[in-house]
Every structure is written in C-alpha cells, then in structure tokens.
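Trainee: Structure below; questions to follow.
The values are calculated or read from the model by the stated rules, or taken from the named source; none is laboratory data. Values in this document were obtained by computation on a predicted structure and should not be read as measured data. Counting neighbours? That spans all protein chains shown, and the Cβs are built from the backbone with ideal geometry, glycine included. Remember, those area values only see protein heavy atoms, side chains included, never the ligands or the DNA or RNA. Shrake-Rupley method; radii C 1.70, N 1.55, O 1.52, S 1.80 Å.
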Amino acid sequence: MTKTEFLDLPPALTARGTLRLPGSKSISNRVLLLAALAQGDTLLHDLLSSDDVDRMLDALRSLAVDWQHAGGNDYRVRGTGGQFTVREADLFLGNAGTAFRPLTAVLALMGGEYRLHGVPRMHERPIGDLVDALRQVGAQIDYEGQTGFPPLRIHPARLRDVAAVSVRGDVSSQFLTGLLMALPLTRRAVRIDIDGELISKPYVDITLALMRQFGVDASRDGWSSISLPAVAEYVSPGECFVEGDASSASYFLAAGAIGGGPVRVEGVGRDSVQGDVAFAQALEQLGALIRMGPNWMEASAPASGRLRAFDLDLNHIPDAAMTLAICALFADGPSRLRNIASWRVKETDRIAAMAIELRKVGATVEEGADYLAITPPTAFISGASIDTYDDHRMAMCFSLATLGGVPLRIMDPGCVAKTFPDYFTRWAEVAR
C-alpha cells in the first residue's frame, strides 16, 4: 500500500471469534540479536514477519551474521560468539526502535566504524540517554545532526574498567534494554544504576528473561539497579519460541469487551513473559469478562453491555494503553489515562495524535503533558477520516471505533506492516 491509499471499514455491531496472534515484535528483535551474539546456532520459532523485524534481519546480514529462513516463520541463526566480523557498516533501521537502540549499544562495544540511521521520525526520537550511558564505559559515539538524536556514527570504544554506569529510566526502557544486552560483551562485572522512575518495567523483564535463556543471569535490586556478572557470555539454548504479541492481542480483546464477544486470542496467555498481558486485567477493571489459560486469553462484554469509566495509571503498558483510549469511547462516563508521557517519543507524538483523532469520532478530549481525559460521544460521527501518522498502532486502534456502528476511513492502512501486516484481514474475521 502506498502512503496515499486508504481503507474504508464498514460499521460493526458485534465481535466474536478466535485467532492466532503474530509473534511479539519485542521478543523477535531481542532474540535475533541475542542469537547473533551467542555461541552456537539457534533455531527461532514463530518469528514475527514485519517491517521492524526485517530491519533487524537486514542489519544482521550487513554485519555478516549468517541466518537462514527455515520455513514458515522459523529462522536459524549462526552465532558469532560475541564478535561481528564486519567492522564497518552503514545500517538503515527505518523507525524500528527495538532494532535501533540495542544495535547502538552492541555496536558501540564491537570495535568498528558504524553509521546508524533511519526514517525522519527516528531522527526525532531521543537516544541521548543511551549514548551518555555508553560513553561511561568508553564508547565513542558522535551525532551527525542534532545532539541527543540519530543519525549516529560509532567508532571503536576505549573501554574503561568501571564498577557502575547510570542511565535514565523515565524516557524509554529501550535504553536500559540496550545496555543490558550489550554490557556482557565487555566480560566485566558491572552494575547499571537506574536514574528516576523506570517506565515500561515489563519490557525490561522481557529482556532479562531472554538474556537468562541465552545464559546470562542478571540480578535486579528492585528497580534501582541491575547487576551483570563478570565473564558473562551468551550461549545458544538450541531453539527459542517467540510468543504471540501481547500488544496486538489488546485490539481483539477490546473488541470482545466492546462488541459482545467472546473473542479469543491464542499464542499468549497467563504464562507469558510480556507485561502487556496486564491489559486483560485493565479490561477487567472496566467490567469486561476475562478468561485466561497458559497460552490463550478471551474477552467478552460486561453483563451490563457497557464498559465502566476508568482512571488508570498506565505507565507499565504504554503500547496496549492506546487501546484503552478507544475503550474510553464506549465507557459509561469520562475516563482518564495517566502517566503516559512516553507516548510523546514513540512512532509519533501519540498523545497529540490520539487527541486529534478521537475528536473526529465525536469524543471530547483534554490533552495534558502525560495524560488524556476522554468523554465518550453521545453519538459517533459517521465516516470520519482517521489519519495514522505512519504509526501502526493508531491504525489498528481506530478499527475498534467502527463498533460504534459507524463506518470509518483509515488513511495509510499499510503502516500496520510495522508489526501486523495482515491486521485488517484478521479484523474482518471477528468484527461484524
């Protein structure tokens, strides 16, 4: 799909069905990089097929990491034992933060000359806190343009023997994830001190769990610091399974909660390492009926037929929280989403974008620095044209608004390829 295209979604009154989720973006890009750094070969099962993962695969190929498609969504990666042979590369990473931030950290310690860049929006997304942390261990990184933002030029590090490094935690958890994945390459014990309140804590838990699967066991002191052992090295577990994407599950669970249901998603459930499964708990607070197994979740509408208004701190599930902004359209009164400042530095300024588009369907919206207050419409506006800002989650979220019984036009629907290329086909299977 080109940027000028649109998709007209018909009105929907109910949602019901079962679907298998695509693989998690967060897990897919983490395990690809860990497998590339490990000793031995790793067979990765159920990797997400999307633009973001393609950017990581392209980057690894440019770095001479040997990976092969093993059929379906399985890939075999030959580990490098922590040393990429390519010491000079120019890497284009699109708008894939889950590729850009960890690769910045790893390549800063790899001893080569690398240029990392992306689409214009990526060059507006901050990375200075990660660069500052890496410089504490001797990384040599220059900004090509505005200080604190990509593009970056990385030079061979002059490693320092430091006991601790510090990183801000209140802008993006991906900075801490990048440090955690890269610092074992120094083969030195080091403690990472977290300055400020860490946002998106569950995403860091994903990183720690996957590192443990690849043989590096970090110890966490609450959320104030994380310690990495000396002489740590990544070792392939042989094979690794990628869970279904819990953020993608949110749209379909919300559909069940709004449109009657039940809607069941398979591939992620009670035993998930992903924090976004907490979205199901948030839906329960809105009155939705939730059932859950080890590898599945299911949502149905409240007995009253209408969701309860809410006032929630959503710092721990920033991506899935976007779906709750749409749920607010179907609540029985005004709702508030709090502690969502990280939305401002995502694929677009999601607080501003969400406020603009929610008003198009009839909501009254108050926008703050780190919150949205949403009063549902008395009647949905039919045929609104929803701009998506080259942001996959904006496009997927607003499909739910058709459950207000109105048609909507989604501009640039192809942006969903970032994480869920066939989203609208799957949506049509459950929304009626």
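Trainee: Hey, in the GNM for the chain with a 10 angstrom Cα cutoff, which one of Ala209, Ala35, Ala59 fluctuates hardest?
Mentor: Taking springs between Cα atoms under 10 Å, the residue moving most is Ala209.
Trainee: Another question, then. If each residue of separation counts as 0.36 nm, what is the full-extension length gain between Asp195 and Gln39 once their alpha-carbon separation is subtracted? Please report the intermediate quantities before stating the final value.
Mentor: On the way: separation 156, 0.36 × 156 = 56.16 nm, distance 3.27 nm.
So the chain would gain 52.9 nm between Asp195 and Gln39.
Trainee: At what distance in angstrom do the alpha carbon centres of the stretch 122-172 and the stretch 186-232 lie from each other?
Mentor: 18
Trainee: Also, quick follow-up: Return, for the Cα atoms of the stretch 325-432, the radius of gyration and Dmax in Å, separated by a comma.
Mentor: When restricted to the Cα atoms of the stretch 325-432, Rg and Dmax are 13.4, 37 Å.
Trainee: Considering only DSSP beta bridges with both partners in the stretch 103-252, what is the antiparallel share in %, to the nearest 5?
Mentor: Taking every DSSP beta bridge with both residues in the stretch 103-252, the antiparallel ones total about 75 percent.
Trainee: Next question, about the same structure. Could you tally the net charge around Gly238, taking each other residue with its Cβ under 14 Å from the Cβ of Gly238, Lys/Arg +1 and Asp/Glu -1? Before the final figure, lay out each step's value.
Mentor: Values: positive: Arg76, Arg78; negative: Asp41, Asp74, Glu239.
Combined, the nearby Lys, Arg, Asp and Glu give -1.
Trainee: Moving to a separate point now. How far is it, in nm, from the label point at Asp217 to the one at Ala70 when both lie 7 Å from their Cα along the line to the Cβ?
Mentor: 2.5
Trainee: What is the distance, in nm, between label points placed 7 Å from the Cα along the Cα-to-Cβ direction at Arg153 and at Ser224?
Mentor: Those two pseudo-labels are separated by 4.1 nm.
Trainee: Taking the Cα centre of the chain as origin, work out the dipole magnitude from +1 charges on Lys and Arg Cβ and -1 charges on Asp and Glu Cβ, in debye rounded to 20.
Mentor: On the way: 42 positive and 51 negative charges, 42 e Å.
Dipole size: approximately 200 debye.
Trainee: Quick check: pseudo-label points 7 Å beyond the Cα along Cα→Cβ at Ala209 and Ser304, how many nm apart are they?
Mentor: 3.3
Trainee: With every protein chain present, what is the per residue accessible area of the stretch 231-315 (1.4 Å probe, Å²)? If you can, show how the numbers build up before the last one.
Mentor: Numbers: 3010 Å² over 85 residues.
I get 35 Å² per residue for the stretch 231-315.
Trainee: May I have the extent of the alpha carbons of the chain along their three principal axes, as whole Å values ordered from largest to smallest?
Mentor: Extents along the principal axes, in whole Å: 62, 44, 42.
Trainee: Positive end of the charge dipole of the chain (Lys, Arg +1 and Asp, Glu -1 on Cβ, about the Cα centre): tell me which of Tyr143, Pro376, Ile351 has its Cα farthest that way.
Mentor: So the residue we want is Pro376.
Trainee: How are the alpha carbon pair distances in the stretch 204-265 distributed across 10 Å bins from zero to the largest one, expressed in percent?
Mentor: Bins of 10 Å from zero give 18, 31, 23, 20, 8, 1 percent of pairs.
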